[in-house]
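Here is the structure we will look at, set down as C-alpha cells.
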Amino acid sequence: MSSPPDPGRSPTRRALLTAAVATPAAGLAAALVLDGADPEAPGPDVSGRPGDGKASGPAPSPAPRPDPGAGPGGPFRADFPAGGLVTNEYAFRSPESEDARLSDDWVVTSGSLFAQWGFGWTGVPDGGTPGPDSGRYTGSSVFRLVTRRRDFGDTSVRCWVFLKAPGTTGRTPARDWDGGHLWLRYHGPQELYALSFRRRDGKTVLKRKYPAPGRPVDEEGVYTTLATSDHAIEYGRWHQIAATVGGCGGDRVRITLAVDGRTVLDAEDRNPGRLAGPGGVGLRGDNTEMAFYGFTARDTGGRRGCPDERPQGNPPEASGPGTPFEEAPLPEVSLPEVTLPEVSLPGSSPRAGSRPEIFRPEGEHG
C-alpha cells in the first residue's frame, strides 16, 4: 500500500494514468475536486490494491490537512490516507490502550473506518466485534461515525457516497431502515438528527432522536419522524449528498436534503429542544457496505427561512446560486465505475451462538 500523498508535490500525468488503469477507483479520486482545490490539480494518491476490510499492520500516517480553516468554528474537510485502518469501535471503548487506533477527526462508536484509495470505507460488514486492528472482524454491519468536533450549528454538509445493496448477519436481520444515513447536530447517541438518504425500503426520511422521557440518560433514545419521501437511488454508483441545518426563527430548525442535485426533503422541526444548538456531524450505516469521499461541513453564514416563510412555487435546490453551496459547489464530473470487493454478508454470526456484550444497536431507525 502506498504512503499518503505529499501535499507539496503533485504526481505526474503518467503516474495518474498508470493509477487510473490499475484500479477503477483511481479515476474517481483523480477526477474529484475538493473544496478550495485547483480544478486542474490531481486528486489524492489512489494507487494500490483493493483491501478486504480486514486491516493489519501499523496505523497509517495522518493525512495532510491543507485547509487552514479546519479548527473550531471553521470549515471541516475529511482527508484520508491511501489505505489502512483509521479508527474503530475498539478505540472508542479502549482509548487508553496502546494498540488503539485513534483519529484526530473521527470517532467510531460501532464498526470500523478504513481508508481505501483515499476515501473513507466501512470495510466489508460483518456481525463480529472488531479488535485493535479490525483484522478479524469489522463490526460494520452496525456502523456509527461522528466527528470529534461538536461545534457545527447552522451548517451545510455534503459528500459523495457509494453504497452496496444491504445484506444481513446473524445479529442484524433485514430491516426497512437498512442503508445509509447522515447525522446532523449530534449531541450523543440518544440525541441527534438522522437523514436517511438510502434505505432498504426506498424511502428518504428525516428523524429527530431524543432521550426517552423519564428514563436513564444512557438508555436508547426515541425517534420521531419529521419528514419522508420516496427516492431510491441506485446501488453500486456514486451519488452526491447535500444537507443543510439551520435556525429559522425562534427555536425552530429547518433541515434539507438533496440527492444528486435534487431536493428530496425540506422540513421544519418546531420542537428541537437542545438540538437547536450545535453538535457533531457524521454517517451511519446499517447492513450495508459504504464508501464516501469529499466529506465537508461548513457554516452557512446565518439564518435561513423556514418552509412557511418562503415564496410559493417550486422548492429550491440545495446547491447553486443563493444557497449555502454557492461558494463551493460539488464538482460536475463523470464518475467512473467502482467495484468494491465482491463478497456476501454472512448469514450467521462469525462466532456461532455468541453475542458480544458490548454490542448494542441504536434501536429502530426506520
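The values are calculated or read from the model by the stated rules, or taken from the named source; none is laboratory data. Owing to the predicted nature of the structure, the values given are computational and were not obtained by experimental measurement. Methodologically, a virtual Cβ is constructed for each residue, glycine included, from the backbone with ideal geometry; neighbour enumeration extends over all protein chains shown. Areas reflect the complete protein model, heavy atoms only, side chains present, ligands, DNA and RNA absent. Shrake-Rupley method; radii C 1.70, N 1.55, O 1.52, S 1.80 Å.
Label separation (Ala100 vs Asp251): 3.5 nm, computed from points 7 Å beyond Cα along the C-beta direction. With protein chains left intact and a 1.4 Å probe, residues in segment 68-182 average 30 Å² of accessible area per residue. Extension gain, Asp176 to Arg93, is 27.0 nm, computed as 0.36 nm per intervening residue step minus the present C-alpha separation.
Say R0 is 22 Å: what FRET efficiency, to the nearest 0.05, do Ala212 and Ala276 get from their beta-carbon distance?
Working: r = 20 Å, r/R0 = 0.89.
The pair Ala212/Ala276 has a calculated efficiency of 0.65.
Structural descriptor for segment 113-238: relative contact order 17 percent, calculated from alpha carbon pairs under 8 angstrom and at least 6 residues apart.
Hydrodynamic radius of segment 78-229 by the Kirkwood approach over all distinct alpha-carbon pairs: 16.5 Å. Extending 7 Å from Cα along the Cβ direction at Glu234 and again at Glu219 yields two label points whose distance is 4.6 nm.
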